[in-house]
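Notes follow the structure.
The values are calculated or read from the model by the stated rules, or taken from the named source; none is laboratory data. Since the structure is predicted, the reported quantities are computational estimates derived from the model, not experimental observations. Ideal geometry is used to build each Cβ from the backbone, glycine not excepted, and the neighbour counts take in all protein chains shown. Surface areas here come from the heavy atoms of the whole protein model, side chains and all, with no ligands, DNA or RNA. Shrake-Rupley method; radii C 1.70, N 1.55, O 1.52, S 1.80 Å.
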Amino acid sequence: MKVEDSRYLNDKRDLMKKLLRSLERDFPYVSVLGTDVRGKQYQVMTTGISVNDSRWSERGFVLRIHDGRGYFEFSFNQMGNQSVEEIVKYVKRKLSAFRKSMNEKSLDASEVSMFEEEESKLCFNDEVVILPGSLSAGEIIDRLSSFKDKAHELSNEVINVMALMENVQVSKLFISSRKELSQSYIWSQGYLYVVARRNKKTKYSMKGFSGLKGLEVLDEMEAFVGKVVENARLLLSAERIDPGEYDVICSPDVAGLIAHEAFGHGVEMDMFVKGRAKAVEYLGKQVASELVTMHDGAAGVREVSSYAFDDEGSLAKDTVIIEKGILKRGISDLISASVLGTEPTGNGKRESFERKAYARMTNTYFSPGKDDLKDMIESIDYGFLLEDYYSGMEDPKNWGIQCVIAYGREINKGQFTGRIVSPVMMTGYVPSLLKSISMVSGDFKLSGTGACGKGHKEFAKVSAGGPYIKAKARLG
C-alpha cells in the first residue's frame, strides 16, 4: 500500500516557495527543507504496557543560505504568511550583524564555495504491505502481549520478556531555485528481549527486526519468539573464552558491525576535512582482502536508512567504499564535498530539523561472495562462529576497533562442539582484520534496529550487514 504525502508539508509548500523567492533577491543560493516525521512506539513487558510517540517524531524547517562566501542555516518550527516576513527580516539582520562583527574583530571566516545544483524534480511515495493505521493501538498491544505470553509458556526459566514495535512515517520536502523534491516512506522496527535465570545465573537474548515496512513486522517477530527463548536458555550454560587469536566466522550482524565501525565513521569525509581520519592516507591503496567489497548508500538496498534524497537535497546514491580490497572513496555531505572538490554522495543527514547536517552513514555493508557457510565451518580447525552483538567502538584516527559480541559457538575440526562462550570481546587493527578475510558467503542480511551517534551525540538511523565472513581475530 502506498505511503501518502504529508498533508502538513503540502499545505506549507507555497509558503516555502514564498520564503525562497523573498531571499533569492539578496542571496545567490537559498533552500528550504520541510520535515514531518511522526510515529508510535508500542511496548509490552512482563511488568507492564506502554504506548508513546516515537522519539524520532519532529516537525519543522531548515533554511540554508549561501551569501557568496559561505553557508548559513536557520531552523524554525512554524511557518505562516506573517512568519515568512519575520524570518526574512531576522535572517538579513543576523547575517549583517555577523559580517560586521567579523570585520570589527579583523577575523576571517572560512569560505566555502557554493555547490552548483543540477535541476531536479522528484516525488517519491514508498509502499508497505500493511499501513500502520490498519490496526488499532489495542490490537497491536494484543499481538505483542501474545508474544510475551508465548515466551513465558515455553520455559519456566524465563523471568522477563519485552516485545516492542515502532512505526515511523518520514515525510520531507526540499525546495531550492533548481530543485523540488518530496518523499514519504515508513520504517518499522521491533525487538524481542527475553531474560532467563537458572539458579543464580541470569542471561538475556535479544532479536531485532527492521526495514521499510509497516505492520508486517509483527508477523516476523511472532516467528522468532521460540528462537529468542532458546538462545537465552543457551547462554545460561555459556563459558568465558580463553583470550587469543582465533579463526572466526562472523554472522551477517557481526560483519555489519565490523563494516560500520571499521570503514563507516572512518570514511565520513567531514573527518577528512578536520584531519581526524586515517583513511584519507590510504585512498587507492589495499586495506582489505581482495574478497572484500563494501558499500554505503541510501539507494543500493532497502532498509531503515534508505531514502530518495538526503537532508541537503542531494539524491541518494550507492557508494562503493572498498572494491576488491582497495579503498576507493569516502561518503560526504554537501559542504565537505565542496571543500574537498568532490561530488556529494547523498550522506548529509540531520538528527532533526534543529541540528546541522553531517556526513553520516546510511546502509553500510559488505557485498556477498561465493562461499557456502557449510564449507566455511568445515574449513576451521579450531575457532568460533560469532553471532549477535552488544556494542562497538572505533578510532578513525588510529584505525582501532572494539566489538562486544553476544556469543560464540565453538568449532573443532570443522564441527560445532556444542560449547558456547559469552560475551566475546573482539579487538584489533582494521586493515589487519579485513586483510585476513579468506572466505565470504553468498548469504546477505541487513539490520537497522539501532542508531548511530556522531561522536557521543547527533543520533541518526542506520543499518549494517552483509554475508558471513571468515577471518582471523583477537578475542577475549
Degrees between helix 137-154 axis and first principal axis of the chain (Cα, 0 to 90, nearest 10): 20
5 Å binning of all Cα-Cα separations within the stretch 374-476, expressed as whole percents from 0 upward: 2, 10, 17, 24, 23, 13, 6, 3, 1, 0
Full-stretch length increase - Phe115, Asn412 - with 0.36 nm per residue and alpha-carbon distance subtracted: 101.2 nm
Lys, Arg +1 and Asp, Glu -1 on Cβ, resulting dipole of the stretch 182-320 about Cα centre, debye, nearest 20: 820
Residue order for Arg474, Arg355, Arg409, Arg350 - accessible surface, 1.4 angstrom probe, largest first: Arg474, Arg355, Arg409, Arg350
Among Tyr407, Val128, Gly442 - extreme Cα towards positive end, dipole of the chain, charges at beta-carbon: Tyr407
Computed E for Asp375/Arg178 - FRET, C-beta separation, R0 51 angstrom, nearest 0.05: 0.45
The stretch 384-436: relative contact order in percent, alpha carbon pairs under 8 Å with at least 6 residues between: 33
Test item: Cα-centred dipole of the stretch 327-424, Lys/Arg +1 and Asp/Glu -1 on Cβ, debye: 360
Computed over the stretch 204-350: relative contact order in percent, which uses C-alpha pairs under 8 Å that are six or more apart: 21
Within the stretch 432-457: backbone nitrogen closer than 16 Å to the Met393 label point (7 Å, Cα to C-beta): 453-457
Charge sum, other residues only, whose C-beta stays under 14 Å from Ile241's C-beta, Lys/Arg counted +1 and Asp/Glu -1: -2
Cα centre as origin, Lys/Arg/Asp/Glu Cβ charges: the chain dipole, Debye: 1080
Probe 1.4 Å - accessible area at Glu230, Å² to nearest ten: 100
Dipole of the stretch 206-272 [Lys/Arg +1, Asp/Glu -1 at C-beta], most positive-end residue of Leu257, Leu212, Leu236: Leu236
Point-to-point label distance, Ala451-Glu24, nm (Cα→Cβ direction, 7 Å offset): 3.6
In Å², nearest 10: area of Glu222 left accessible to a 1.4 Å probe: 80
Gln78-Lys324 FRET efficiency (beta carbon distance; Förster radius 51 Å; 0.05 resolution): 0.50
Accessible surface ranking that places the most exposed of Asp253, Asp142 first, with a 1.4 angstrom probe: Asp142, Asp253
Accessible area expressed per residue, the chain, with surrounding protein chains retained (probe 1.4 Å, Å²): 44
Stokes-Einstein D in µm²/s, Kirkwood radius over Cα pairs - the stretch 246-292 at 4 °C with 1.567 mPa s viscosity: 106
Burial ranking of peptide ranges 180-192, 450-462, 113-125, 433-445 (average Cβ count within 10 Å, highest at the top): 180-192, 433-445, 450-462, 113-125
Cα convex hull volume per residue for the stretch 31-170 (Å³): 230
Area projected by the alpha carbon convex hull of the chain, averaged over all directions, nm²: 24.4
Length released on extending from Thr427 to Arg474, taking residue separation times 0.36 nm less the Cα-Cα span: 16.3 nm
Pairwise label distance in nanometres, Ser438 with Met45, each label 7 Å out on the Cα-Cβ vector: 4.6
Residue-count net charge about Ile49 - beta-carbon cut-off 15 Å; Lys, Arg +1, Asp, Glu -1: -1
For the stretch 33-94, convex hull of alpha carbons as volume per residue, Å³: 116
Net length gained if the chain between Ser101 and Lys227 were fully extended (0.36 nm per residue, minus Cα distance): 39.1 nm
Rounded if a/c under 1.5, otherwise prolate or oblate - the stretch 221-325, Cα gyration tensor axes: oblate
Calculated FRET value between Ala137 and Ser57, using beta carbons and R₀ = 22 Å, to 0.05: 0.90
Nearest-ten-degree value, helix 81-104 long axis tilted from longest Cα axis of the chain: 90
Theoretical ellipticity at 222 nm over the chain - DSSP helices of four or more residues, -39500 (n - 2.57) apiece, nearest 500: -7000 deg cm²/dmol
The stretch 209-273 shape via C-alpha gyration tensor axes, a/c threshold 1.5: oblate
Taking the stretch 16-92 and dividing mean pair separation by its residue count, relative contact order in percent (alpha carbons under 8 Å, at least six apart): 29
Per-selection Kirkwood Rh - the stretch 287-410 (Cα, Å, 1 d.p.): 16.8
Using alpha-carbon coordinates, inclination of helix 252-263 to the longest axis of the chain, degrees: 50
